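Here is the structure we will look at.
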Amino acid sequence: MLTWLGYFGRFGQNFLRGAGITLELTAVGLAIGFVLGLLLALARCFGPKWLQKLAGAYIAIFRGTPLLVQLFIIYYGLPEIGIAFSQSTAAYLALGLNSAAYQAEYLRGSINAIGAAQMQAGRAIGLSKWQAIGYVILPQALRLALPSWSNEPISLLKTTAIVFLIAVQDLMAEGKRAATTTFDFVGAYLAIAVVYLLMVFALDALLKFIERKTAIPGMDIETQR
Amino acid sequence: MPKPILTIKNLSKKYGENVIFQDLSLTVNEGDTIVIIGPSGTGKSTLLRCVNLLTRPNEGQIWLDDMEITAKGTDEDQVRQHIGMVFQNFLLFNHLTALDNVKLGLTKVKKMSDEAATRKAMRELTRVGLADRANHYPGQLSGGQQQRVGIARALAMDPRVMLFDEPTSALDPELIGEVLEVMRQLALDGMTMLVVTHEMGFAREVADRIVFMEKGFIVEEGSPDEMFNHPKFPRTREFLWKITELYGKKDKDA
Amino acid sequence: MNFGQFISYIASGTVYTVGVTLVALPSGLLIGTILALLYVYGGKTAARLMNLYSTIFRGVPPIVLLFILFFAVSKGINLSAFWAGSFSLGIVSSAYQMEIVRGALLSVSGDQLMAARAIGLSRLQAIRYVVLPQAIRLAIPPWSNEAAIIIKDSSLVYALGVPEILRRAQLIGASSQKYLLAYLSAAVIYFLLVFATSHLLSLLEKRLAIPSNP
């Protein structure tokens, strides 16, 4: 039985490759989630009533059901009605659609925190509603959201681990491969756990750095992580 | 022969390099109402918190009656049963009704039965004029009412001495009167009280002695008449003037 | 097989899903609360240890922890997949619940503790009769969130073979080649579970709320 440290020697390259896939999944999922999440948040905050309800329903559904089920529906279910995705694409989609629901809530919270007052100030100097949103509200809201939003990339990084269940060759899949090769399940997965921890630390440090660099001086942003 | 209930000797307290007060001595006799006045941040609150051992002084001793409470090995919880404290921010237990607030110490510390505790608690609430609010929660009470419950809570433990840490500073002006009235009555009933306050009217009318503290030192102490009319130190006079203009009646003679 | 049988087969997994949740959530709460009390009131070393626990158990993906704990537990004791999986999930949750309880304890102002000591309550009594009752109320909203997360994460134990909702959906989906229907049904059931739980906890929050005049 290899001690878990020995795993890095024997499977190090595989782990590295898997970690790369994991990071890729995180990045793509985060990006899709951000764009969609922002749209959802804007719909909820500024859209007509019916759109608000629709966005609300989307968020409730994607936050109220397990990601794994969503993943399976996309990868195994949709082909029945003619929409077939590759494993990677299905993973990107599931992660992105799911993340969007959570990001929408973070963004909605901070847009509301910036408040109607800023909107009024923007309209008062002649900006249209959407100009006010774009030039006044969002720049502040995005910065304000950063501390709590920072939970999302880290959460997503951890969440990507389940896509190995549809055979995406991420870090977890490499871990499983190592485990079934050596039959030392505990050791292999411990090694994987260490790699995930390292990635989380690195990501956390990066996010804190970005937070510091983009803070608006004087704006009292409570860092709640 | 006046009997000292509280004796403070050579008390010093510092946080790191920051000296709050040094070599402070004060005696409080039975039945006395001592009012401590002075600019904010001069250690008055810290002094009070040393008396009931919520903070430990760095040097010096404090005696409650004949017992040195600053000695090593003192049961602090025991000591605090005999010293009552009323806080600037009331600090009622938010999750309990007024009655339960007053009862908590009786049932958990004095181990009284529930009926006995209820009877005693209602007596104290009646004393502060809030018997009809016994089942209200702090969130349903005004500031003045909360503070009076706070006083009842402290009184219920039958303390030897009551400490008041700026009891009215967090109150809206209209609510200050009801609290001061309770305190005044308490003093008349013979309770030994150590009060930190800016309320000069109260100090003048109720205090047996006024102590003026600044920058961690007792600048002067004396009877209200001495302090207001013939203060020995210019700094005392200066402070009393300023604060009387803000809080109390203007002095008749310049 | 008709539609009714199809759905009820999947729905019968609900018992396992609820079972896993009912084991994982309380055990996570128990461990989490004890650790949180240690974290807040146990002194510097305890706090550092707890911080480490929190960092590790919240920094590793739940499924990885689940596998590690499951296989480690299986080597030592002969537990069924259900119990091993549930307790493992509970341990994973304990780190998150520790943070929730810790946050709630810290939110109850330190002054409340001081006021309690001032009437002679010991530190233990003060925590028990003054801080904890208030902290519990503060903890309910984030805890309700955690409960929802556990219900969803219970789907992970399908990988350990526990015949809960997702596993059943997979089995019947494979045998009938109706994957879409199977997984959609599973999704609906999960959604109802999460919704009902959140609603119940919201009612609990209202029941326990301390009366105040806004």
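For B:K108, list the lysines whose Cα falls under 24 Å from its own Cα; do not include residues on the same chain fewer than 8 positions away.
B:K120
Add -39500 (n - 2.57) for each DSSP H run of 4 or more in chain C, then divide by its residues: what number comes out at 222 nm, to the nearest 500 deg cm²/dmol?
After summing the helix terms and dividing by the residues of chain C, the value is -27000 deg cm²/dmol.
I need the helices of chain C that pass two filters: whole DSSP H segments spanning 24 Å or more by Cα along the axis, and mean Kyte-Doolittle score no lower than 1.6.
Going by DSSP H runs, the hits are C:14-41.
To the nearest 0.05, how large is the calculated FRET efficiency for A:K49 and A:S86 if R₀ is 51 Å and r is the Cβ-Cβ distance?
Efficiency at R0 = 51 Å is approximately 0.85.
Is the shape of chain B best called rounded, prolate or oblate, per the rule: a/c under 1.5 gives rounded, else a/b larger than b/c gives prolate, else oblate, with a ≥ b ≥ c the square roots of the Cα gyration tensor eigenvalues?
On the way: a/c = 1.87, a/b = 1.28, b/c = 1.46.
It comes out oblate by the Cα gyration axes.
Chain pair C, A: how much accessible area is buried, both chains summed, with a 1.4 Å probe, in Å² to 100?
On the way: alone 12080 and 12030 Å², together 21350 Å².
Counting both chains, the buried surface is close to 2800 Å².
Tell me the net charge near C:P62. Cut-off is 11 Å between Cβ atoms, C:P62 excluded, with +1 for each Lys or Arg and -1 for each Asp or Glu.
+2
Over what distance in Å are the Cα centres of the stretch B:157-230 and the stretch B:64-93 separated?
Their Cα centres are 19 Å away from one another.
Points 7 angstrom from Cα along the Cβ direction at B:E68 and B:N10: gap in nanometres?
According to this spin-label approximation, the distance is 1.0 nm.
So how much accessible surface do C and B hide from each other in total, probe 1.4 Å, in square angstrom to the nearest 100?
When C and B are taken together, about 2100 Å² of accessible area is lost.
Which whole number gives the average count of other chain Cβ atoms within 10 Å of the Cβ atoms across peptide C:106-112?
2
My understanding is that a pair violates if its Cα-Cα distance is over 26 Å; which of B:K13/B:K72; B:K9/B:K215; B:K44/B:K232; A:K49/A:K213 do that in this structure?
Pairs exceeding 26 Å: A:K49/A:K213.
Please report the carbon-and-sulfur percent of the accessible area for the stretch A:1-138; probe 1.4 Å, protein heavy atoms only, DNA, RNA and ligands left out.
66
Given a cut-off of under 8 Å on Cα pairs at least six residues apart, what relative contact order in percent is computed for chain A? Can you show the working numbers first?
Working: 250 pairs, mean separation 67.8, N = 225.
Across chain A, relative contact order equals 30 percent.
Restrict the search to the stretch B:23-121; then list the GluC sites (Glu not before Pro) that DSSP places in a loop and that have at most 16 other Cβ atoms within 10 Å of their Cβ.
Sites meeting the loop and neighbour criteria: B:E30.
What percent does the relative contact order of the stretch C:14-164 come to when contacts are Cα pairs within less than 8 Å and at least six residues apart?
Values: 167 pairs, mean separation 54.6, N = 151.
About 36 percent, as a whole number.
For the stretch B:89-201, I need the span (max minus min coordinate) of the C-alpha atoms along each principal axis, in Å, sorted largest to smallest.
42, 31, 19
Among C:S109, C:S175, C:S185, which one shows the highest mean-square fluctuation when chain C is modelled as a Gaussian network with alpha-carbon springs under 10 Å?
Looking only at C:S109, C:S175, C:S185, the largest GNM fluctuation is found for C:S175.
Can you grab the distance from the C-alpha centre of the stretch A:142-167 to the C-alpha centre of the stretch A:47-65, Å, no decimals?
21
Reachable lysines from C:K75, Cα under 29 Å, same-chain residues fewer than 8 places away excluded?
In chain and number order, the partners are A:K158, A:K176, C:K152.
Which residue, B:G139, B:G105, B:G216, has the most motion in a Gaussian network model of chain B that connects Cα atoms within less than 10 Å?
In this elastic network of chain B, the residue with the biggest mean-square fluctuation among B:G139, B:G105, B:G216 is B:G139.
Kirkwood-based Rg over Rh for the stretch B:1-89 (C-alpha set), two decimals?
0.94
Quick one: check the C-alpha center-to-center distance for the stretch C:17-35 versus the stretch B:2-48, whole angstrom.
If you average the Cα positions of each part, the centres end up 50 Å apart.
Using R₀ = 45 Å, calculate the FRET efficiency as 1/(1 + (r/R₀)^6) where r is the Cβ-Cβ separation of B:L188 and C:R207; round to 0.05.
Numbers: r = 45 Å, r/R0 = 1.00.
Approximately 0.50, to the nearest 0.05.
Considering only the other residues whose Cβ falls under 11 Å of the Cβ of A:F46, what net charge follows from Lys and Arg at +1 and Asp and Glu at -1?
Net charge around A:F46: +3.
Just give the residues from the stretch B:84-117 buried by at least 30 square angstrom of accessible area in the all-chains context relative to the isolated chain, probe 1.4 Å, and say none if nothing qualifies.
For the stretch B:84-117, once contacts with the other chains are taken into account, B:F87, B:L91, B:F93, B:N94, B:H95, B:L104, B:K108, B:V109 lose 30 Å² or more.
Taking every pair of distinct Cα atoms and averaging 1/r, then inverting, what Kirkwood hydrodynamic radius in Å comes out for chain A?
Over chain A, the inverse of the mean reciprocal pair distance is 19.4 Å.
Identify the residues of the stretch C:177-213 with backbone N under 18 Å of a label point that sits 7 angstrom from the Cα of A:I61 along the Cα-to-Cβ direction, or state none.
Counting only backbone N, you get C:179-196.
Can you list the trypsin sites (Lys or Arg not before Pro) in the stretch B:96-152 that are in a DSSP coil and have 15 or fewer other beta carbons within 10 angstrom?
B:K111
Among the trypsin sites (Lys or Arg not before Pro) within the stretch C:85-141, which fall in a DSSP loop and have no more than 16 other Cβ atoms within 10 Å of their own Cβ?
Within the stretch C:85-141, no trypsin sites (Lys or Arg not before Pro) qualify (loop, at most 16 other Cβ atoms within 10 Å).
In the full protein assembly as shown, how much of B:D23 is accessible to a 1.4 Å probe, in Å² to the nearest 10?
For B:D23, solvent-accessible area is about 100 Å².
Could you state the principal axis extents of the C-alpha atoms in the stretch C:14-164, from the largest down, to the nearest angstrom?
56, 31, 24
Report relative contact order for the stretch C:88-196 in percent, whole number only (criteria: Cα-Cα under 8 Å, sequence separation at least 6).
Over the stretch C:88-196, the number comes to 22 percent.
Hey, with R₀ at 45 Å, roughly what FRET efficiency would A:R212 and C:S198 work out to, going by the Cβ-Cβ distance, to 0.05? Working shown, then result.
Values: r = 36 Å, r/R0 = 0.79.
E between A:R212 and C:S198, to the nearest 0.05, is 0.80.
Residues of the stretch C:166-196 with backbone nitrogen within less than 18 Å of a virtual label 7 Å along the Cα-to-Cβ line of C:N2, please, listed as ranges.
none
Using only the C-alpha atoms of the stretch C:1-68, find the volume of their convex hull and express it per residue in Å³.
Cα-based convex hull of the stretch C:1-68, divided per residue, equals 101 Å³.
Give me the orientation-averaged projected area of the Cα convex hull of the protein assembly as shown, in nm², one decimal.
40.5
Please give the net charge around A:L206, taking every other residue with its beta carbon less than 12 angstrom from that of A:L206, where Lys and Arg add +1 and Asp and Glu add -1.
Details: positive: A:K208, A:R212, A:K213; negative: A:D204, A:E211.
Charge balance in the 12 Å sphere: +1.
Mind checking the mean number of beta-carbon atoms from other chains within 10 Å of the Cβ atoms in A:68-79?
6
The values are calculated or read from the model by the stated rules, or taken from the named source; none is laboratory data. Quick caveat: nothing in here was measured; it's all calculated off a predicted structure. Counting neighbours? That spans all protein chains shown, and the Cβs are built from the backbone with ideal geometry, glycine included. Quick note on the areas: whole protein, heavy atoms, side chains included, nothing else; ligands and nucleic acids left out. Shrake-Rupley method; radii C 1.70, N 1.55, O 1.52, S 1.80 Å.
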